[in-house]
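Written out below as structure tokens is the structure these notes cover.
The values are calculated or read from the model by the stated rules, or taken from the named source; none is laboratory data. Since the model is a prediction, treat every value here as computed from it, not as a measurement. Neighbour counts run over all protein chains shown; Cβ positions are idealised from the backbone, glycine included.
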Amino acid sequence: MKLTTALLATSALVVSAGVASAQSMTIVSWGGAYSASQKNAYHDPYSEKTGVEIINDDSSAEAVAKLRAMNEAGNVTWDVVDVVGADAIRLCDEGLAMEIDHDEVLAAAPDGTSASDDFGDLIVSDCFVPQIVYSTTFGYRTDMVPAGVEAPNDICDVFDLETYPGKRALEKRPINNMEWALLCSGVAKEDVYDVLETEDGIAMALAKLDTIKDQTIWWSAGADTPQLLADGEIFMGSTYNGRLFSLIEEQGQPVGMMWDAQVFDLDGWIVPTGLSEERTKQAMDYLFFATDTQRLADQAKYISYGPARASSAPLVGKHASLGIDMAPHMPTDPANAANTFLFNYEWWADYRDDLDAKFQAWLAQ
Amino acid sequence: MTSTSDSSAEQAAASGPMLAADGTPLKKSIARALRMQKLRALALIAPLLIFILVTFIAPIADMLFRSVENQIVSTTLPRTITTLEGWDGSAGEAPGEDVFAALYYDMFVAAEAKEHTKLGTRLNYEQTGISSLFRKSGRKLDDLGKDYQKPFEKAAKDLGDGAAFHALMTGTGPSDSALLESTRARLEALTGDSMAGEIGFAPGAEISALLPLTAAAYADFAVFTARVDGDAPADEDPWEAVYTALAHDLATPGTIEKIASYTGPGAELLQAAADVAPSLPDYRAFFEDVDEDWLDVANWSTIQTYAPNYTSGYFLNAIDMQKTPDGTALRDDDERIYIMLFKRTMFMSLVITFSCILLGYPVAWLLANLPMRTANLLMILVLLPFWTSLLVRTSAWKVMLQQQGVINDVLVWLGLVEDTARLIMINNQLGTIIAMTHILLPFMILPLYSVMQTIPPTYLRAAKSLGATNWTAFWRVYFPQSIPGIGAGSILVFILAIGYYITPEIVGGTTGTFISNRIAYHISSSLNWGLGAALGAILLAAVLLLYWCYDQIVGIDNVKLGG
């Protein structure tokens, strides 16, 4: 008798817990300052408006592998996932992310422009809702610039050890590095990927990287370069522009930005497949709220990444705590974007495995 | 002599087997009793056994199995693979029209099920460019069918109507159940979901003989619509591929004549379609138009080479080899990396193990021989780093070892090192060895300590009183007794070291990384789980082999983890 009551009580608890969990959703992102900016700009206002509790999971770096494992296990526990454009394409290819009708799910711009027109070319996959434009670019120690020489302002200064002696930090993968190396080997910007398809082109890029190989520290986490710059371990290094912003403006380190040949990349949302109808609806409701023109502009108050909607750009204001104007710190600001490079998704999807094998073999030599 | 033993054996045989009290042969009865005992013992450990099987052995086996698994090619492109069998790539010619036709219908279903991009990703591991080739082709497949659909609908509007087409394909009389069953089986293999159950469609045998391709394409559509989308096929407009198939059938010589005498439902629709007199679809030209890489022999060779359900490709890849149409071959120089990494992992793990012995032995000796109170304090010092997060300890080494780090600063301050020539102690092999030796040291000290504790100090005193020097007493008396501890510690440290990847990733730079870093990369980043599993399987085999060698040389009975 007692046992039955206990069982009933437990199941009642489980049921009520189940009901409660319907009022919460798990959102996966990158952690750190970036997740904080999303919390301030999207999560908190959304929770306030709807009462839905938002649980953060900082697993975006392994999102593709984890989603695949969850999908195979038949138990997807994430509702909305923040991934880079390249991963969104892969997740879509693998059938792990839902295809989204952008005009149906997302809010139109205030002037009535449809969502798909407002995002434009940034919708690189049917499953992808763009959120920010970020760039991979260089930061350098201003106090380590040799006397009598002007600060580096050309991508090829990275390869110029004579004028700018000192260590470099580059990412431990071929993407971006190969493009920069070719640009500085005299290849025109529009020919870079054609050249990189050939054996000679790869050899040329690696030969250029060879000239700085023993002066380079190869990073694998976005926080490495800011740390190395702050410690004075390196003279210049590549990383995401938002990390450099916080190093320079928030921590006041003697570091300068070099925007030349910055590589634009996208970050945004996907919704996993295999969610229940109710959870899918919930996820779409969140996306509608979190990616409208005003919210995207709000995020730029907390971090220096450019909003993905064209209609958000004019609304970008001042930093929430520092009070400085954010527009000049956006990678998309005309002064910064004089010479830019757009990450070629389609090309890298094909050549990533092949080039990575060659690049890693080269690194290990 | 032999005759006596023979005769006693005969005697025993003649008297029959010994019987137990209940009349069964004693042998059987004992065997049964023993079996019962074993079963009872097994039942006692069953919970643990099942737990280990389910949570440990099965997932590992499943993961390792991926290193040979390769069904994706034959489930996604089943008909293409069959028609491709006769093709020989060495002639330098792309396959013929029949292969492209099979590819078109296979791809169409795969694209509807969104499986074609998975295959593209899989094959892209072997041949660069296939990923986008499949993705691009999947998007354009509708175009070919639409070109045929329009004139058909113009000739008879009902040809574009789901219900009318459904009636036409159902026909009258017996149905072609073989076609339906094979379609079910194929789609089941493709999607991995069960296709059993009501479809709401059975292809007529007569129409299926008259229009074989159309019936097959419509069956694909019907089964997929009913079982995957959950809709009734009669309510939905047929796929574009059905119209391509209809055009193909109508353009096949002899079909139009047979249609004239066909009287089943929708005969007038069929006649109207026949009157359009479509041209034979040129699948090859269509695919060439989508992307001329479809005529590239290398792409087709890859598909053919990786057609079997099981492949050695991942394992070959893991030892820097590859499958080519002419058998296996070494990879190009600039792509070889894994053998070197395996060797490096083994070598560095050995160095780390020896460093642990060198540093751990004196500490363990102190622990075992100091008075209790001091020993306890020392023990806490040994265990303290053990309770600190691995990431914190590794990052701390970064702060210590880097060029602007604590050690270099002190050396410069002391004037031992020039400020311009600071030592490079991190982002290389040295960094990995230092950090990992520190992290793994407790695993060496603890077994050593527990073994040393059991060595009575009187032995050393006895040796000395018999005239041995300090060194002789240690080397001849003490050290041999501590070897089991070294053995246990070495095995622990070595096996742990071989699988480390976080520490080498952070402090190893490019020359101090292990094979596990590549495994992690393939599991979480490139998603080439097959290759990751193959590398893991090789690593596991290497560890087991070393363990076996160790057992042969040192003997596993000589290993002691405690008193």
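The table below lists the values:
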{"item": "A:Gly51 being on the phi > 0 side of the Ramachandran plot and at pLDDT 85 or above", "result": "yes"}
{"item": "Matching residues in region B:526-549 - criterion: being among the small types (Gly, Ala, Ser), more than 14 Å from every other protein chain (Cβ to nearest Cβ) and crowded, with 17+ Cβ neighbours inside 10 Å", "result": "B:Ala534, B:Gly536, B:Ala537"}
{"item": "Hits in region A:146-189 - residues which are under 24 Å from the mean Cα position of the chain (by Cα) and of a type in the set (D, E, K, R)", "result": "A:Asp154, A:Arg168, A:Glu171, A:Lys172, A:Arg173, A:Glu179, A:Lys189"}
{"item": "Criterion (of a type outside the set (Phe, Trp, Tyr) and at pLDDT 95 or above) met by exactly one of A:Asp93, A:Asp82", "result": "A:Asp82"}
{"item": "Any hit, region A:170-184, residues being surrounded by fewer than 16 Cβ atoms within 10 Å (Cβ to Cβ) and in contact (Cβ under 8 Å) with a residue 60 or more places away in the chain", "result": "no"}
{"item": "Subset of region A:329-344 [part of a loop (DSSP other than H, G, I, E, B) and among the aromatic types (Phe, Trp, Tyr)]", "result": "A:Phe343"}
{"item": "Boolean, B:Tyr338 is closer than 30 Å to B:Leu123 by Cβ, within 28 Å of the chain's Cα centre (by Cα), of a type in the set (Phe, Trp, Tyr) and within 14 Å of chain A (Cβ to nearest Cβ)", "result": "yes"}
{"item": "Conditions (1) on the phi > 0 side of the Ramachandran plot; (2) free of Cβ contacts under 8 Å to residues at least 12 places away in the same chain; number of the one not met by B:Asn427", "result": "(2)"}
{"item": "Cβ pairs under 7 Å, 6+ apart, first in region A:245-266 and part of a helix (DSSP H, G or I), second surrounded by 21 or more Cβ atoms within 10 Å (Cβ to Cβ) and of a type in the set (Gly, Ala, Ser)", "result": "A:Phe245/A:Ser304; A:Leu247/A:Gly139"}
{"item": "Pairs with Cβ under 8 Å, 6+ apart, first in region A:344-365 and within 7 Å of chain B (Cβ to nearest Cβ) and closer than 16 Å to A:Thr216 by Cα, second among the polar types (S, T, N, Q) and not in a helix (DSSP H, G or I)", "result": "A:Leu363/B:Thr510; A:Ala364/B:Thr510; A:Ala364/B:Thr511; A:Ala364/B:Thr513"}
{"item": "Count of residues meeting criterion [outside any strand (DSSP E or B) and under 17 Å from A:Asn176 (Cβ atoms)] in region A:229-244", "result": "5"}
{"item": "In region A:194-227, the residues that are in contact with a Gly (Cβ under 6 Å, 6 or more places away or on another chain) and surrounded by 19 or more Cβ atoms within 10 Å (Cβ to Cβ)", "result": "A:Thr225"}
{"item": "Among residues of region A:29-65, those that are in contact (Cβ under 8 Å) with a residue 12 or more places away in the chain, within 11 Å of another protein chain (Cβ to nearest Cβ) and assigned to a helix (DSSP H, G or I), counted", "result": "3"}
{"item": "Residue among B:Ser349, B:Ser389 that is of a type in the set (S, T, N, Q), more than 13 Å from every other protein chain (Cβ to nearest Cβ), crowded, with 19+ Cβ neighbours inside 10 Å and on the phi < 0 side of the Ramachandran plot", "result": "B:Ser349"}
{"item": "Residues satisfying the stated conditions in region B:489-525, i.e. basic (Lys, Arg) and away from chain A (no Cβ under 11 Å)", "result": "none"}
{"item": "Qualifying residue in region A:218-228 (condition: assigned to a strand (DSSP E or B) and closer than 23 Å to A:Met257 by Cβ)", "result": "yes"}
{"item": "Helices (runs of 4 or more DSSP H) within region B:70-124 that include 2 or more residues in contact with a Phe, Trp or Tyr (Cβ under 8 Å, 6 or more places away or on another chain)", "result": "B:78-84, B:97-112, B:116-124"}
{"item": "A:Asp285, sole failed condition from (1) away from chain B (no Cβ under 14 Å); (2) assigned to a helix (DSSP H, G or I); (3) farther than 30 Å from A:Gln23 by Cβ; (4) of a type in the set (Asp, Glu)", "result": "(3)"}
{"item": "Residue within region B:465-486 that is of a type in the set (A, V, I, L, M, F, W, C), within 14 Å of another protein chain (Cβ to nearest Cβ), surrounded by fewer than 18 Cβ atoms within 10 Å (Cβ to Cβ) and part of a helix (DSSP H, G or I) present", "result": "no"}
{"item": "Residue within region B:190-200 that is over 37 Å from the mean Cα position of the chain (by Cα) and assigned by TED's automatic domain parsing to the domain that holds B:Asp106 present", "result": "yes"}
{"item": "Residue in region A:175-193 that is among the charged types (D, E, K, R) and either within 14 Å of chain B (Cβ to nearest Cβ) or touching a His at 6+ places or on another chain (Cβ under 9 Å) (or both) present", "result": "no"}
{"item": "Cross-chain or 6+ apart pairs with Cβ under 7 Å, region B:472-495 first and outside the structural domain of B:Thr345 (by TED's automatic domain parsing), then surrounded by 21 or more Cβ atoms within 10 Å (Cβ to Cβ)", "result": "none"}
{"item": "Number of positions in region B:134-172 that are within 14 Å of another protein chain (Cβ to nearest Cβ) and buried (at least 23 other Cβ atoms within 10 Å of the Cβ)", "result": "1"}
{"item": "Sole residue being part of a helix (DSSP H, G or I) and at pLDDT below 95, chosen from B:Leu358, B:Leu366", "result": "B:Leu366"}
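Residue-by-condition table, conditions (1) hydrophobic (A, V, I, L, M, F, W, C); (2) over 30 Å from A:Lys167 (Cα atoms):
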position: B:Leu460; (1), (2): yes, yes
position: B:Leu466; (1), (2): yes, yes
position: B:Arg476; (1), (2): no, yes
position: B:Phe479; (1), (2): yes, yes
position: B:Ser482; (1), (2): no, yes
position: B:Gly499; (1), (2): no, yes
position: B:Gly508; (1), (2): no, no
position: B:Asn517; (1), (2): no, no
